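Written below as C-alpha cells is the structure these notes are about.
FYI, it's all coordinate maths here, none of it is from the lab. As the structure is a computational prediction, the values presented were derived from the model and not from experiment. Virtual Cβ from ideal backbone geometry, glycine too; neighbours counted across all protein chains shown.
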Amino acid sequence: MRYDTDIDNGMLQIEGGALRAVTSIDLAKIGFLTQAKTVVVSVPQIDLQLPVALSTIAEYGAVPIEAQTHSSAPDLPEASWTDVVDVTFDVGNIDDGGLVVVGFDGPDFTEPPLTPSPGRYRLRISAAHRDLPWTDEVTERYRFDAWPIIDALGPIIHRGTQGLRRG
C-alpha cells in the first residue's frame, strides 16, 4: 500500500509493537530511531507498548510511505533506497494487534496494519533522499516491509548514509 502521512516535529512513529534486541550502540549506528521511545513499560495488568520514533529530515509536510507485508524476508530494495535497516518488533494485542506507521494525524485505521496479527516480526525500514537538506519541501520517502520471524535478531544495517541533517 502507498500513502502520504503528515509529519510534525520531524518524526514518524511506529506503534503497536516493542523494538527488541537493540542496544544504544545499535541505535546510534542506525541514526534515525529515537532511543527514548524504544521501551516497554510494564504495569500490573497492563502491557503498554510505547511508540518508536523515527526521525525524519523534514520538520513538517506530507511524507510518502510504502508499506508491505510478506510471508518471508523480501529481497533488498533497489539502490535508490540509500538507508536500509532490519529490526525486530514484538507485536502485541493493542487495539487491532497490528504494527502501524503513523504521522502527525495519528494512525489511519481505514488502512490495514503492517502486521496481520500479534507475534514477532522483522521490520525493514528503507529510506531515500535523507541525504538532502530540508528546505520546506519534503524530498525523503520511506518504505516499511514486515515479515514473521521466530527469534529476536539484532539489527542489520544493509545501507546507510552519513551526515543526515535538516537544512
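Listed values, structure above:
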item: Difference of contour (0.36 nm per residue) and Cα-Cα distance, residue 21 to residue 152; result: 46.5 nm
item: Translational diffusion coefficient (Stokes-Einstein; Kirkwood radius from C-alpha pairs) of the range 114-157 at 20 °C, 1.002 mPa s, in µm²/s; result: 168
item: Extended-chain gain in nm, criterion 0.36 nm per residue less alpha-carbon gap, residue 68 and residue 55; result: 2.6 nm
item: Projected label distance in nm at residue 8 and residue 159, using a 7 Å step from Cα toward the beta-carbon; result: 3.3
